[in-house]
Every structure is written in structure tokens, then in C-alpha cells.
Amino acid sequence: VSPVGAGSCLETLEEGKPLIVVTNEKLMNNHQLELAKQLHRDGHVLCCNCSTLVETLQSMDLSTLKPFPPGQPEKFALFLDEVVGFQ
């Protein structure tokens, strides 16, 4: 169970751990909510808010979660090389 910080989410998912993210609805311009919704749509996390956390814990089925694909930093490095003109 974690707040929806990008670092916390990605580190947990990259370790192959199941994750329930708890959104903070009081944040202005809530980018965390966008991240939580996308990870949930992709099937990688369960998502709730503080008022639905207990219900989520009671009804969760972690077997429905999909593994998070591993990062591919080499592709990003190649992309940057092309953009900057190193290739």
C-alpha cells in the first residue's frame, strides 16, 4: 500500500510486488491521480482513496494484477543520442 508517488510506484512494480495505490484527492492539479488511473487501467495496480482503502483491502484479488514490464533505458539513451545528434 503506497501513496501514488511515481518513484514509489515504479520501484515497487519493478520489484514485481503487488501494489495498492492510495490517491490524495485534496491535491491541486492532481498528477498523481492521472498516474494511478493509468497504472490501474493497464492492470498493474489496485487503486483507491482513503475512504475506500478498507473496502479495497477486504475485496482485493491480487491475482488480477499484470506484471509491470521491465524498463529499457538503452532505448531512451539511443533516442537521446538521435535527438542531440550523436548518431
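The angle between the Cα long axis of helix 31-41 and the main principal axis of the chain comes to about 80°, on a 0 to 90 degree scale. Annotation: aspartates and glutamates with alpha-carbon distance below 19 angstrom to LYS17 (same-chain offsets under eight excluded): ASP42, ASP61. Taking the accessible area of the range 4-84, probe 1.4 Å, and keeping the other protein chains in place, the carbon and sulfur fraction comes to 57%.
Based on Cα contacts under 8 Å between residues 6+ apart, the chain shows a relative contact order of 26 percent.
For Kirkwood radius over Cα pairs in Å, which listed value, [x] 13.7; [y] 19.7; [z] 14.4, comes from the coordinates shown? Identified label for the calculated read-out: [z].
The values are calculated or read from the model by the stated rules, or taken from the named source; none is laboratory data. Given the structure is predicted, the values throughout are model-derived calculations rather than measurements. When the accessible area is computed, the model is the full protein with side chains, heavy atoms only, and any ligands, DNA or RNA have been set aside. Shrake-Rupley method; radii C 1.70, N 1.55, O 1.52, S 1.80 Å.
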